[in-house]
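Below: one structure, written as structure tokens.
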Amino acid sequence: MFTAQYIAKTDDSVIDLGKGNWLVSSKSNPGGWYQVKDLFDNLVCECPGYLNRYHCRHITGVVALQWMQRRAANPESGRQAVAEIQALSA
């Protein structure tokens, strides 16, 4: 489950630029940033990890931020999301 502790633990900085664009801090290049974009409902990142694996921690950081924003906007939807995740894990 994604929480504020997840972002604090990974030391990720995520900046929402709007219109499906985010900047996420780089760990391998201190002071550097990678852009994550929402292209046709698919998150893509410009980092080397994404180019090799089609997933990366930058995308995970954006998903965590989105989850926290939805939960803050509607606490009931957050509980519903947790229940759905738990059901899938069972």
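In sequence order, the stretch 40-55 has phi-based couplings of 6, 6, 10, 7, 10, 10, 8, 6, x, x, 5, 5, 8, 10, 6, 7 Hz under the Karplus curve 6.51 cos²θ - 1.76 cosθ + 1.60, θ = phi - 60°, and Gly or Pro positions carry x.
Taking amide H atoms as placed 1.01 Å from N in the peptide plane, the amide H of TRP33 lies under 5 Å from those of SER26, each 5 or more residues away in sequence or on another chain. So how far apart, in nm, are the two label points at ASN29 and ASN42 if each is 7 Å from Cα heading toward Cβ? Each label point is offset 7 Å from its Cα along the Cβ direction, giving 2.3 nm. Full extension of the chain between GLN80 and LYS19 gives 19.4 nm of extra length, using 0.36 nm per residue less the Cα-Cα distance.
Readers should treat all values here as calculations from the given coordinates under stated rules, not as data from a laboratory. Owing to the predicted nature of the structure, the values given are computational and were not obtained by experimental measurement. Counting neighbours? That spans all protein chains shown, and the Cβs are built from the backbone with ideal geometry, glycine included.
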